Every structure is written in structure tokens, then in C-alpha cells.
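Q: Below you will find the structure I want to go over with you.
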Number of protein chains: 2
Amino acid sequence: MIEDNDLSVFEKILGKNNVLTEDLDPYNTDFLHIYKGSSKCALFPTSSEEVSAILRHCYSRNLAVVPQSGNTGLVGGSVPVYDEVVLSLKKLNKNFEFDPRTGSVECDAGVILEEANNRLAPEGYTMPWDTGSKGSCLLGGNVATGVGGARMLRYGSLHNHITGLKVVLADKNGSVVNFGSKMKKDNTNLHMHHLFIGSEGQLGVVTGISMCAVPKPSCVQVAMLGVNTYSECRDILQLARLHLGEILSAFEFIDGASMRCLDENKKLRSVLTSNPSFNVLVETMGSNEAHDKEKMDNFLKEALNKGLAVDGVQAANAQEAAYMWKLRNILPIAALPDGFLCEHDIALPLEYFYEIADILRQRLGTMATRVISFGHMAEGDNHINISAKIYSNELMAKIYPFLCEWTIEHGGSISAEHGIGQERRTYAQIGKGYQVDLARQLKRQFDPKCILSPYKMIDAFAS
Amino acid sequence: MIEDNDLSVFEKILGKNNVLTEDLDPYNTDFLHIYKGSSKCALFPTSSEEVSAILRHCYSRNLAVVPQSGNTGLVGGSVPVYDEVVLSLKKLNKNFEFDPRTGSVECDAGVILEEANNRLAPEGYTMPWDTGSKGSCLLGGNVATGVGGARMLRYGSLHNHITGLKVVLADKNGSVVNFGSKMKKDNTNLHMHHLFIGSEGQLGVVTGISMCAVPKPSCVQVAMLGVNTYSECRDILQLARLHLGEILSAFEFIDGASMRCLDENKKLRSVLTSNPSFNVLVETMGSNEAHDKEKMDNFLKEALNKGLAVDGVQAANAQEAAYMWKLRNILPIAALPDGFLCEHDIALPLEYFYEIADILRQRLGTMATRVISFGHMAEGDNHINISAKIYSNELMAKIYPFLCEWTIEHGGSISAEHGIGQERRTYAQIGKGYQVDLARQLKRQFDPKCILSPYKMIDAFAS
């Protein structure tokens, strides 16, 4: 437990203004207000050296620490479970170097995603990932979460963009280590920086990022299609890959139940008049407007002519495009007004992608107000949300562990992009076998006293 | 040392036909005939279970093992240094599952790269990486090497494509572990499979691969440009990114000395008549021929109109394109006829990319027959080759460690894509600091007795 002397040490390292011991609610409580810790202290380092000094002290005193970025995570990973020290990366945001000739970026981990985009835009570049929380999430948190999002289809995963990471370890020395480099090709050691992508702060604290930005697309197009069957949604995805090829940047799936939920709970009307059973949102990002328009036209014509789509609307301007994205992006909270919301984000091979929604509807019957399914279909990423009037153990027992076991049995992952955190901890080991032990060994190597973000993804002290 | 009893055990596991104890030269000698080990035995498992049984036995007997794929590596990483058992993955190639609706591939590590392409082509897909040795290199070796190559510019690195790996560890149980999954999005554990990409067989033996193939481009275009100065080569790269955007698939740099070497040693004439100081080969891969042609036309016109290129030729057909690539691809061996060839493959930030060639020319003077520089310029990957009449310690002492130290000082990597193996081992630690110790700890975790590929990238027994 933290003592006065610890606070003095922290104040000596950081200055009084960067040690918070009151009004800690925003740091103890997660974004969805599901998880609440009881930390007595939040620290705001402004450099890797300060992070190092903090971790050195916490190591020597056996104090648990939870690294926190924008605190926008959805699985309770960035808040304390008990009284862990909150190590906020918010103020570690001074450095942002950018080379407009190559797109390479070297920056502090506390830079806000949107701010990175704002800095890159005048130079004709953009960040290769995007997420709903871009206005407050931090790049270091993006890395630790292994953020997915919609643009992954166009630009690939974080593993494709991050070339190096500066990480502070919670070891005896608070070691500051530069993993990887700023070069895209570097085969001079184990590619260790990839271990920290998606690590949820279990192995070390990411304080600096070397990465590649991508040229800002000069043309962005958005369209929505109405579809009768899930099988035809798959056909349309194949058609989109064929016609839109290298400019296809998003293929979002929204089932009819999701659209009804938007209508009933949010008074948001679909842009399609046919009230279709399924909706897909298709986006392109390219470098040549005339070419991109022709590709989109050909795609839409063929989808309609072949009868795969029963309805279709293309956004005529940025405002219409924004409305289509609003429909999609508000879905994670659209069922909240029903009373209780159980959110889950799984990935499944496409042949099983939608089956689970129907299975859950049958299984839960009238216990659920609704089961809605939407997500980044091209990657099999299915956000499956179940709402009810109130929380009940009976409902949850019908959902879990069934949903996780079914997903693993069908070759999927029980957390596509949200991560494990506190929320999925109970199920994280299903089907994993020896991997779980190896992760635990890695944890102990990098964080010998296991003081980083305990009681979450890795159960470091299990036998 | 291997005893008769070990051979009996191996024969029991694999059958007599898959244990070779004679004519071992091809397995003891590397591709460039620089390194030669003295192994007494090469093993040819056909399944992960057999690999597991072999490693279990080698662990119990403290026998060192070198995993070997196509043996096409350029740094002596895949051959024994002394009498290590050669574990060839050649025959582990039965399984190749492919889903044409998503492009996902699950296959054995012993599949030849070209064969994978041949299987994918009829379904409209292709592998997202390419390399000169495609006719004999194996996918598992590509993963272990962290292969780069020209297509990385278009499709990204291996870290972008590989979603899961089956690995056999050299531990007590010969543990067979499935890291990652076949899903592109899987945030349910540490992303451990990335640790094996570029690991040079130091941590485990990759026996199975889950990955995503990419749609085969319907249009490929190649052009060569003559350029007066290196600075203008950089300008042309920026112009290519702007005009060719998402279809730019290669930007290869060839200096004048390289082109002269092709002429003198290989009787291969440039396609450009102006005998320029620098040459760039530009390739596009796209999905719409009319669009791609227009983009290439615009790019070439502007490069010439702006005076950045002094000369330019576009390949009119596949044959001409193949000839342009032949010029580039034969360069690694073009200086061999000079007598002695010192090959190096570094990555450098673009501002220093070419400086090193001129510095080496000055430094080596008449000791070198020639210094040629060519490579994947977009990633800063510079293949810098020095030839002389004969090998001399004096020449090598002028090159090393200077070349490595200069590269690190200028923010580069001393091995862009070839790796460390035996060749770069002496210099692998320059500028790495604590990373080297961490790699060693990882090595010991996954390979407790350090029997995998000793005396190479990781010096496991250093203090």
C-alpha cells in the first residue's frame, strides 16, 4: 500500500503538480463506468526518464502500477482493480518528429490520435489506423491495446506500421529500452517490439513510438447497400474486393436488428428505404478521384444488377458520408437505453460469422430484449451485443461461457480488438493450451515482480 | 556428439529413408559456398509430431540442431557451424488449405514459395511477398528469416500477413504450440507469433503457417528511369508515391556503377541509352488496367517534364518487364567475376542512403575493384557490394567494423533483410544495449538448453 513516503518520492521525481491524490474518479473509473478501482494516486510523468524513476521506486517497494492512456478501453484494462498506482501517459506528449519525404514518425506515446492526424494532414499524410475514440485515445494506448478499427482493411494491422518502440520496464533499473528502430527493414535482432503491440501494459510501459504514416487519400467514398441474406453479404464482399481492389478501405456489416435498434432507441433512420434484412457500408480511400469513382460505380452497378443488393445509396457529399458512419459508429451504445447491455467483440471465420447471432437469439429467447450484430466483416470481426431490461445472473449464465466456447470451437477469437482486460479474463485461456504458460513466463521475464497491471490479461501467479 | 544410438532413435521416429548420413554436402554448405559445417546427419520430418519427437530426443541428449529450409539464406544461418544435426523442413509440405472467399491460407512450413503461388494463382490470389529464391525457398524459412523483398512496398511486411504459427519448441516435451490463430484480429493473448518472424530459428522450429494471401493484381507495369543525381531519385520516389499511390509495388534503386558492372561482367545492356548516373525501376500492381496505365503515364510524364528523369522506358510487354527485373535481380552476383565479393545489405534513412557508397569508394580507393549500390530504396534498403581481385584481411579491416558503426550512427540497421546468421554476428550488438540481454533471456525461455542454431544471432551463453 502507498505510504506518505512514496508520495514524497513521486513528488520529488515529478513535481507536486504531476502527482494527483484527490479527485481520482476519472482515473479510477473506466470509460463505460463498469469498473471502478480505488487508487490513491495518479502520476503524470512527462518523459521516459521519469517513468523509469517511478517504476524503479515501485519495483523496490512492491507497488502495483496500472499504465493508463486515454482510458477509452472497453474491457476495464486501463483502470486499477484495487489500489494500484495509476501511471497516466497523458502528459508524455511533447515530442513529435515527422519526415514528410518518407512519412516516418517518431513521437511520444501520449500524443492523442486525432492530434497526430492534425499534425500530419498539412503534409499530406494520415495515421494508418482510426477508431471511434480518436479525440481522446493516446497512441501508446493504441499500441498496448493492439487497436483494430475500420482502416485495417486498407492499411493493415499495427504490426505493419510500428517499426520501433521505446519501452520502460518495471525491473530493478526501470530499464529504458529501444526495441526495433525507425527502419522498416531491420533484421538485426529478434523483432521484440511486436511483443508490446496488444500486450495491454503487461510487459512494460510504451513511452515512444517509431512508425510510418500513410499518404492521405485524396478521394474518400462511402455507400450503403441493402441485402436480403447473409450469404449475399459475403458475395458482395468478394465483389468489392474484385472491383475496388486496392482502394477498399472499409466493409462494415450491420444487421437488421441493429438498424431497428438505431431507429427505436436513437431515432436515427436508415438511408435505405427498403428496410433490408442486412446492410453493408462500403468505403474506399484512393489517390485518383476519377478512377475511384469509376471503380465504385462499377461495383455498385454489378451488386445491383446481379441482384446481390436490393437497395443502394452512395453518399453525395461528406455530410452524407458522415451520417452513414454515424449509424455505424453509434451502434456500440445504441442498445444501452434498453436497460442492461452485454457487449462482446469476437472474430469468426466468415462461414460462421452470422450464425452465432441467430443461435443466441434462440438460446436467450425472451430473456434478451435484442441481440444485435455489426462489425468489420472483412476481418470476421463481429460486435455482438445483447440487451435486456436489467442485468441478471441467469441471462449471463446463458451467454457465458457458451459464447466463448462456441467461438473457439469454430476457429474464432473471443476478443477481436477490444482485448482481455478485466472483462474477458475468465475466458482468455479457453483453447489456448501451453500458450498461456509461455505468456506467463514472458510476463515474469519483463516484469519480474509482476507489478504491472495485475489481475488482468496474464494471471502471473498461477502455477 | 551424435552416436549410433541417436541415429537409431531418429530412424525409429522418421523411418530409414528420412535419416541421411551420407552425401551431406548440400546440407552442410550454404548457398553462397562461404560457410561449411560438418554435420553427420540430416533429418527429414514430415509432421510437427515428428519434429517434436526429434527435438525431445535432442533435448535429452544435449544435441545441437540447426533447422534448415530451402538453404537459400545469405548469411550462413541455415547450415551447421560444427556438427549440429540438420533438421530439414523440406518434406514437411503436405498440408495446404486455402479459402478462396477470404484468401486465408493454412499450410505446412515446408511448402516452396513458388508452389504456394502456383496453387493460389488459379483462384485469383498470390503470395504477398516475393524473393529471388522463390523456386527453392520454403515458407517457414521466409518466416524465420523475416524475408523482405520488393513487394513489401505494396503489401507490407510479413508481420502484416502472418496471423498464426505452429511452432515446435526445443524443450523437455518438444512442445507443439499454436501461436496466434487464423483470424486477422485476435487480441486474446500476447501476440507471440510475431517473435518467431525474423528469429532465424533461435527460439523454435516453425512447422505451420496461418496467413492471408492477397488478390492477384490484374495489371503489372514496369518502367526504368535514368536520373542525374541521388537527390532527384528521392524526388522521383515522392512523385511516384503521389501519382501511383496505392498501386506502387516496387521502387528499386540501381546506381551507375551497378549498371556498368552488369555490362562488363554479365554483358547485360541497360534499357536506357543515356548512360545515366542513377537508375530507378518502378513497378505497379493494380486491379484496373486502364486506371493503372493512366496513373503510370501521368507519373512518367511529370518525372520527365520536371526534368527529374533524363531518360525513361516503359516495358511494352511481359518480356521487356522481365528483362528490367533481370537487370535488378542479377545484381547480387554481378560482381562475383571480379574475384572476391563482399556483400552487405543495410538499411539507412534516405538522407544517408547513398552517402555511404561514396564514402566507401574514397575509403577503399584502389583496394576495391568496385563498390556498387542497389536496393529497395523506398524502405531505405541498400545492398552495398564491394569487389576486389582477391580476399584480403586488409580490405576487410577497412570495411568492418566501419560500415556497421557508420550505419548505426546514422540511424540505420546493419542488416535490412538478410539477417545476422554467422555473417554479421560480430556486429549484431552495436548500439543495441539492453536489447541483446533481453533477446538472450527470451532464447533461454523458449530453448532452455540453447540447442537451436547455436553460434549465430543470439550468443546464448554470454554473461
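Q: Look at A:LEU442 and say whether it is more than 8 Å from chain B (Cβ to nearest Cβ), buried (at least 19 other Cβ atoms within 10 Å of the Cβ), in contact (Cβ under 8 Å) with a residue 24 or more places away in the chain and over 23 Å from A:THR29 (Cα atoms).
A: For A:LEU442, the condition - more than 8 Å from chain B (Cβ to nearest Cβ), buried (at least 19 other Cβ atoms within 10 Å of the Cβ), in contact (Cβ under 8 Å) with a residue 24 or more places away in the chain and over 23 Å from A:THR29 (Cα atoms) - is not met.
Q: Here is a list of conditions, (1) at the interface with chain A (Cβ under 9 Å from one of its Cβ atoms); (2) assigned to a strand (DSSP E or B); (3) not charged (D, E, K, R), and B:ILE209 meets all of them except one; can you say which number that is?
A: Just one mismatch for B:ILE209, condition (1).
Q: Please enumerate the residues belonging to segment B:216-239 that are surrounded by 19 or more Cβ atoms within 10 Å (Cβ to Cβ) and within 11 Å of chain A (Cβ to nearest Cβ).
A: Passing the criteria: B:PRO217, B:ARG234, B:LEU237.
Each row is one residue, and each column tells you yes or no for (1) more than 12 Å from every other protein chain (Cβ to nearest Cβ); (2) within 15 Å of B:VAL66 (Cα to Cα).
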| residue | (1), (2) |
| --- | --- |
| B:ILE430 | no, no |
| B:LEU438 | no, no |
| B:PRO454 | yes, yes |
| B:ILE458 | no, yes |
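Q: Something else now. Out of curiosity, is B:LEU20 at pLDDT 95 or above and over 24 Å from B:LEU203 (Cα atoms)?
A: yes
Q: Now for a separate question. Would you check which residues across segment B:118-170 are more than 11 Å from chain A (Cβ to nearest Cβ), surrounded by fewer than 24 Cβ atoms within 10 Å (Cβ to Cβ) and among the polar types (S, T, N, Q) and list them?
A: Residues satisfying the conditions are B:ASN118, B:THR126, B:THR131, B:SER133, B:SER136.
Q: Considering each residue of segment A:158-185, count those that are touching a residue at least 40 places away in the same chain (Cβ under 8 Å) and either among the small types (Gly, Ala, Ser) or at positive phi (or both), and give that number.
A: Residues in segment A:158-185 being touching a residue at least 40 places away in the same chain (Cβ under 8 Å) and either among the small types (Gly, Ala, Ser) or at positive phi (or both): 4 in total.
Q: Something else about it: Give, as residue ranges, the helices (runs of 4 or more DSSP H) completely inside segment A:107-163 that count at least 1 residues that are among the basic types (Lys, Arg) and out of contact with any Lys or Arg (no Cβ under 6 Å at 6 or more places or on another chain).
A: In segment A:107-163, the matching helices (runs of 4 or more DSSP H) lie at A:113-120, A:152-155.
Q: Of all residues in segment B:393-428, which are more than 10 Å from chain A (Cβ to nearest Cβ) and among the charged types (D, E, K, R)?
A: B:GLU394, B:LYS398, B:GLU405, B:GLU409, B:GLU423, B:ARG425
Q: Can you tell me which residue is nearest to A:PHE196 (Cα to Cα) among those in segment B:177-206 that are in a loop (DSSP other than H, G, I, E, B) and touching a His at 6+ places or on another chain (Cβ under 8 Å)?
A: B:HIS191
Q: List the number of the failed condition for B:GLU343; all other conditions in (1) more than 14 Å from chain A (Cβ to nearest Cβ); (2) modelled with pLDDT of 95 or more hold.
A: (2)
Q: So, A:GLY174, is that one assigned to a loop (DSSP other than H, G, I, E, B) and modelled with pLDDT of 95 or more or not?
A: Criteria met by A:GLY174.
Q: Okay, moving on. Could you check, for segment A:248-260, whether at least one of its residues is within 11 Å of another protein chain (Cβ to nearest Cβ) and either more than 18 Å from the chain's Cα centre (by Cα) or more than 19 Å from A:PHE353 (Cβ to Cβ) (or both)?
A: Checked segment A:248-260: at least one residue is within 11 Å of another protein chain (Cβ to nearest Cβ) and either more than 18 Å from the chain's Cα centre (by Cα) or more than 19 Å from A:PHE353 (Cβ to Cβ) (or both).
Q: Let me ask something else. Residues in segment B:133-155 that are hydrophobic (A, V, I, L, M, F, W, C) and within 17 Å of B:GLY77 (Cβ to Cβ): how many?
A: 6
Q: Now for a separate question. Give me a count of the residues in segment B:414-463 that are within 16 Å of B:ILE197 (Cβ to Cβ) and basic (Lys, Arg).
A: 1
Q: Now for a separate question. In segment B:145-170, what count of residues is obtained for those that are out of contact with any Leu (no Cβ under 9 Å at 6 or more places or on another chain) and of a type in the set (D, E, K, R)?
A: Count: 2.
The values are calculated or read from the model by the stated rules, or taken from the named source; none is laboratory data. Note that the structure is predicted; figures quoted are calculated from it, not measured. Using ideal geometry, Cβ is built from the backbone for each residue, glycine included, and neighbour counts are taken over all protein chains shown.
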